[in-house]
Every structure is written in structure tokens, then in C-alpha cells.
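The values are calculated or read from the model by the stated rules, or taken from the named source; none is laboratory data. Treat the numbers as computed from the prediction; the structure is a model and nothing was measured. Because the Cβ atoms are built from the backbone with ideal geometry, glycine has one as well, and the counts that use them run over all protein chains shown. Calculation scope for accessible area: heavy atoms of the full protein, side chains included, ligands and nucleic acids excluded. Shrake-Rupley method; radii C 1.70, N 1.55, O 1.52, S 1.80 Å.
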Amino acid sequence: MKNNILITGGAGFIGSHLVQFFVKNYSDYNIINLDLLTYASNIDNLNNISNHENYTFIKLDICNYNEIKKIFSDYKISHVIHLAAESHVDRSIQDPFSFAKTNVLGTLSLLQAAKEYWHLEKDNNLFYHVSTDEVFGSLGNTGAFSEESKYDPHSPYSASKASSDHFVRSFKDTYNLPIKISNCSNNYGPNQNTEKLIPTIIKNICNEKKLPIYGDGTNVRDWLYVEDHVKAIDKIFHHGRLGETYNIGGNNEWSNIDLVKRLIEIIDLKLNKPKGYSKKLITFIEDRKGHDFRYAIDGKKIEMELGWKPETNFDEGLERTINSYISS
């Protein structure tokens, strides 16, 4: 039987890169891209594959359970890669209900539809849930999150993703649903929504606007290039063990202030401005509520089991990212 893969959130940042990869690399798979096209999505990022025979786009809210059930039946869905989510921490602080609705109830809608349909099909199936390292909470100056780390979410966003992870595992334990989960670190790359840190800083440097940095800028994040993340998802999808969780990290920790200064160096040079010219734009603002200090990923499991590790040098990834925003 042909694989009919439902990718949710496929017009979003990570999702659009994943859809492109699967459509181009697996011509024998049917890829069904399901996305509501909210402010964070951009269907234009998929214009170059829109006419491929193995690609279909459907605009739909994942919380619409009856329509989700119909899609499973109509398209004979054999696999799900679930990325659709509200993902911006600041927005979750302002509107936690939207995050609970999409990230928890939306995931439950998909799980229930998969359980009901696959019970009838009894075929080779998979529900692959893409999550975040933020479910593990915050680290001090040392240590890293492993797949065994305790859940300790601190924002409505991370709480909603933690809840969705728990629902996915519960469907494995209760209904024997075939699942895999991955928890990734901060992604960056072309086509990311400009509300996120790196695109915000790039755009503001180019337009000589203030560069807002929470607190004193010492919060640390591990940065993962989006195409490396896509390759990790591909490895886990095809070769990861059923029922397992895999952490995906970039081995690339930067404090926010050091990251902003590095972006200033690269962009000032690119725009023929004096070295350090844009440092004057740095503006420290009131810290985010519940702001996690540091994230870091222990990626031994995915490297040892699946042979994956990040490939993209950070400066190379930043260069590609910056060029994509400057030319757009």
C-alpha cells in the first residue's frame, strides 16, 4: 500500500521545510498538508511544489474532529507527522486558552481520528508527534535535557506542549497506538515568522530599529538549523523505534546577547556599515514572565541509534537565514 502521510502545520516554518523535503525525496508517498493558514503560516513557501502529483493541501483547523475523521477516510491516511501548534511563548502568556485549544485539543482530535481509522485499517501506521525541549523546564549553568528528563513546563506554551506529549503517550499505553515523539531545541532558518528572535533582530538591524532583549540577555538557547531538524525527523520517521522519544539538539548554545551581537557583526558587514554600528540599537526590556534561563539537549540517543547529528555550521546557517530575509 502507498504511504499517505498527513503532515499537520505544513505551511508553518518547520512544517513547510518538512513538506518540501518529503514531496521532493519520496515521490512514492502521497503528502497531505493540513494547515489552518494562521498568521504564522505562509502557503507561498510551498509554491514550487504545489503542482506535484504527490502533494495535496487542505485548509482546516485540527480541532474540527468530524472533518479530521473524514480526511483520514477520504485520503486513507497511513501516517501522521504532527507539527501544527501555537508556538510563541509571549502569545501564550497573553492568551493561554488558544494554546490549550490548538496544542492539546487539536492533538487529541488527531489522535482519536487515527485510533478510530487505524483500528479499521489494521495496516502499517505511525503517529509522529513533534514537540519541544521547553517541556523540560529550565537548566542552570550546567547539564542537558535527556529523554529521561522530568517534565517541568513554566509557560502556558510549554505546558500545552507537555500535555500534548502526555496524550500521545497515553494513546500508546491505552489503545496501543503506534507513536514516536521528538523534542527539539530552538529552530532557526529561512521563512521563520518575524515574531521570533532571530528574524526580529535581522529585520530590525536592517531597518535601524531597536533590538529588544529580555532582562540582561544572559538566557541561553541551543540553536538548531531547520533543515537539520527536518533530516532528524526523516531519520526518526523511517528508522526510530516505535514508542520511543528522541531529543533533537543543535549542540550550539548561545546567550541571547551574544547571539544578537553576532548577528550585528554579520549584517553590519553585509550592509557596509561600520563595525559594531548597530550595537547602539540594543535595548534591554522587562524580562518575560517565567523566562527559562537555559535549554540544552543531550543528543546521544539519536546519534547512537540513528546516526544523526547536526550538520550546519552556525555562521553558515545564519548567513543563509540573513540572506533570505534581506532578499525578501
Item to check | Residues that are open to solvent by less than 50 Å² (accessible area, probe 1.4 Å) and within 23 Å of Gln112 (Cβ to Cβ), drawn from region 42-76 | outcome: Thr56, Ile58, Leu60, Asp61, Ile62, Cys63, Ile68, Ile71, Phe72
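Taking region 1-33, which residues are assigned to a strand (DSSP E or B) and either of a type in the set (Phe, Trp, Tyr) or in contact (Cβ under 8 Å) with a residue 40 or more places away in the chain (or both)? Write out each step before concluding.
From region 1-33, those assigned to a strand (DSSP E or B) are 4-8, 30-33; that's our starting set.
Within region 1-33, Asn4, Ile5, Leu6, Ile7, Thr8, Asn30, Ile32 meet the criteria.
Would you tally the residues in region 215-242 being among the charged types (D, E, K, R), assigned to a strand (DSSP E or B) and open to solvent by less than 10 Å² (accessible area, probe 1.4 Å)?
Taking region 215-242 and keeping what is among the charged types (D, E, K, R), we get 216, 221-222, 227-228, 231, 234-235, 241.
Now narrow it down to the ones that are assigned to a strand (DSSP E or B): 221-222.
This time we only want the ones that are open to solvent by less than 10 Å² (accessible area, probe 1.4 Å), so: 222.
Looking only at that region, the number is 1.
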Next on the checklist: I'd like the full set of residues that are over 27 Å from the mean Cα position of the chain (by Cα) and not basic (Lys, Arg), limited to region 117-128.
Outcome noted: His119, Leu120, Glu121, Asp123
Checklist entry - Can you find even one residue in region 8-24 that is polar (S, T, N, Q) and open to solvent by 60 Å² or more (accessible area, probe 1.4 Å)? => result no
Item to check | Residue tally, condition surrounded by fewer than 17 Cβ atoms within 10 Å (Cβ to Cβ) and of a type in the set (Val, Ile, Thr), over region 25-38 | outcome: 1
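Quick grid of which residues meet (1) over 14 Å from Asn219 (Cα atoms); (2) open to solvent by less than 70 Å² (accessible area, probe 1.4 Å); (3) in contact with a Cys (Cβ under 6 Å, 6 or more places away or on another chain):
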{"position": "Leu259", "(1), (2), (3)": "no, yes, no"}
{"position": "Glu265", "(1), (2), (3)": "yes, no, no"}
{"position": "Leu281", "(1), (2), (3)": "yes, yes, no"}
{"position": "Asp292", "(1), (2), (3)": "no, yes, no"}
